[in-house]
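The values are calculated or read from the model by the stated rules, or taken from the named source; none is laboratory data. On a predicted model such as this, the values are computed, not experimentally measured, just so you know. Please note: Cβ atoms are built from the backbone with ideal geometry, for glycine as well, and neighbour counts cover all protein chains shown. Just so you know, the surface numbers come from the protein's heavy atoms only, side chains and all, with ligands and any DNA or RNA stripped out. Shrake-Rupley method; radii C 1.70, N 1.55, O 1.52, S 1.80 Å.
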Amino acid sequence: MIYYIQRRYNLIRLTTTVLLLFLIVSSSVAWSEETTPKDSLQQLIPQLRGAERRAAWQNLYNLTLAEGDVELQLHCLDQWAADARQQGDVEGESTACTNRLIDYFNNALYDSLYLEAPRVMEFNRSHGVIRYYFWAWHLLVSAYGINGKYNTALREVKQMHEAAVDYGDKYGQGVAYFDMGNIYNSMGHFNQAIEVYDKSLPLLRDMPEVSTILLEVYPFYCDALDAKGRYQELRELTVDWQKDIEMLKKRKIILDRDPTLANFYIAKAQAALGQNRLDEAQRALSDAEGLINNREAYERLYILYYKAQLRLKQGRIEEADQLSAERLAL
């Protein structure tokens with residue numbers, strides 16, 4: 001098995017959680033039936049003041065995300081931060097600045113992220129916005145990791161963990177262990193990755209306001225177990241995964257349902273294939289495939305990969321070759 005592009009440390013799966021963490025907002029701006037919400041906001045913003053203006057910039061930013069207009073996104077964040085600063089809204093300014101790092105990360109503007117992350121981290125720390133302090137640090141570590149700067153990433157994440165311990169912040173500690181696991185995973189140090197992923201889960205789970213980053217740990221953890229052939233542990237881990245999905249639902253945490261469940265079924269397929277439970281693997285892959293309508297979704301890469309592995313085990317070599325060719329084309 002290939003553990004570079006094939007492994008999930010490209011961190012694409014973080015994007016959904018990153019966006020959901022910051023961007024659930026409300027607005028008092030009313031839309032004209034003759035224009036789009038984006039057009040209406042752009043027309044109304046010059047007339048607005050105070051909280052309404054901040055909410056408008058925030059909502060306009062959200063609307064630009066679907067269009068991929070990075071220049072407009074960054075402009076909205078600048079204006080949102082400036083208005084928040086003028087009105088003494090520390091958390092609003094922190095959120096806008098941290099979202100800017102998210103945009104840099106999601107658009108592969110890593111040099112800009114490297115440059116700006118320390119300033120955002122210091123702002124968040126000095127103003128007591130500790131959750132965003134660690135999230136900004138998480139983005140910096142992830143950027144180093146995705147670019148293969150593993151020694152720098154490890155140095156940063158160990159400092160991040162020490163800071164989280166000093167603050168007594170379970171969230172920061174849990175995210176630091178998650179990042180540490182991803183770096184070890186990417187380096188092929190799977191046993192070390194498994195050890196720190198195992199430390200991450202209870203810390204992230206043991207929080208009333210736990211975010212969906214808890215669920216982000218599982219696919220990476222399962223990949224590490226798969227790499228080491230520890231399939232019974234992988235199977236048992238999917239049981240915990242399902243419990244945490246249900247726990248988050250009960251807490252009314254917003255989940256990106258289809259990708260979340262698709263990744264869960266992919267992990268079940270990993271365990272089943274490793275234990276030669278071929279019928280079970282087929283069912284799990286069918287369940288995963290039924291949740292992914294976009295043929296270019298990254299989950300499809302893993303579905304195709306494990307379908308090819310299944311066909312090999314079934315002796316259906318030609319079908320396995322076709323599935324591999326389809327995956328490579330994506």
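Rounded to two decimals, what is Rg over Rh for the range 126-246 when you use alpha-carbon atoms and the Kirkwood radius? Intermediate results must be reported in sequence, preceding the final value.
On the way: Rg = 14.0 Å, Rh = 14.5 Å.
Value, to two decimals: 0.97.
Once the Cβ-Cβ distance between Asn294 and Gln87 is put in as r, and R0 is 45 Å, what FRET efficiency do you end up with, to the nearest 0.05? Mind showing how you got there, number by number?
Working: r = 40 Å, r/R0 = 0.89.
The value I calculate is 0.65.
Could you check the simple spin-label distance between Asn191 and Gln242, using points 7 Å along Cα→Cβ, in nm with one decimal?
3.1 nm
Quick one, what does Rg over Rh come out to for the range 110-181 if you take C-alpha atoms and the Kirkwood Rh?
Working: Rg = 11.2 Å, Rh = 11.9 Å.
Here Rg/Rh amounts to 0.95.
In debye, nearest 20, what is the charge dipole magnitude of the range 174-292 about its Cα centre with +1 on Lys and Arg Cβ and -1 on Asp and Glu Cβ, if you could check? Walk me through the numbers on the way to the answer.
Working: 14 positive and 19 negative charges, 49 e Å.
Here the range 174-292 has a charge dipole of around 240 debye.
Rounded to whole Å and sorted largest first, what semi-axes of the equivalent ellipsoid does the C-alpha gyration tensor of the range 180-330 yield via the square root of 5 times each eigenvalue? Before the final figure, lay out the partial values.
Details: eigenvalues 140, 65, 39 Å².
Semi-axes, largest first: 26, 18, 14 Å.
So, taking all protein chains as they sit and a 1.4 Å probe, how much accessible area belongs to Phe178, in Å² rounded to tens?
In the full protein context, Phe178 sits at about 0 Å².
Label Glu122 and Asn276 with points 7 Å out from Cα along Cα→Cβ: what is the distance between them in nm?
Reported label-point gap for Glu122 and Asn276 is 6.1 nm.
State to the nearest 20 debye the size of the charge dipole of the range 227-330 about its Cα centre, where the only charges are +1 on K and R beta carbons and -1 on D and E beta carbons. Intermediate values should be presented prior to the final figure.
Values: 19 positive and 17 negative charges, 64 e Å.
Roughly 300 debye, rounded to the nearest 20.
At most 13 other Cβ atoms within 10 Å and a DSSP loop assignment: could you name the GluC sites (Glu not before Pro) in the range 196-237 that fit?
On the way: sites: Glu209, Glu216, Glu233, Glu236; in loops: Glu209.
Filter output for the range 196-237: Glu209.
Convex hull over the Cα atoms of the range 157-223, averaged projected area in nm²? Provide the component values of the computation, followed by the final result.
On the way: hull surface 16.2 nm².
The directionally averaged projection comes out at 4.1 nm².
Please go through the residue pairs Lys170/Lys250; Lys199/Lys252; Lys228/Lys268; Lys243/Lys268 and name each one whose alpha carbons sit more than 19 Å apart in this structure. If you can, show how the numbers build up before the last one.
Numbers: Lys170/Lys250 21 Å; Lys199/Lys252 25 Å; Lys228/Lys268 16 Å; Lys243/Lys268 14 Å.
Too far apart for the 19 Å limit: Lys170/Lys250; Lys199/Lys252.
Round to the nearest 0.05 the FRET efficiency obtained for Asn147 and Tyr167 when R0 = 35 Å and r is the Cβ-Cβ distance.
On the way: r = 28 Å, r/R0 = 0.79.
FRET efficiency, Asn147 to Tyr167: 0.80.
Setting aside same-chain residues fewer than 8 positions from Lys149, which lysines have a Cα under 16 Å from its Cα?
Candidates past the 8-residue exclusion: Lys158.
Which whole-angstrom value gives the distance between the alpha carbon centres of the range 259-330 and the range 142-203?
29 Å
Taking a 1.4 Å probe, which of Met160, Met187, Met121 shows the most accessible area, and what order do the others take after it? Could the numbers behind the result be given before it?
Numbers: Met160 0, Met187 65, Met121 20 Å².
From most accessible down to least: Met187, Met121, Met160.
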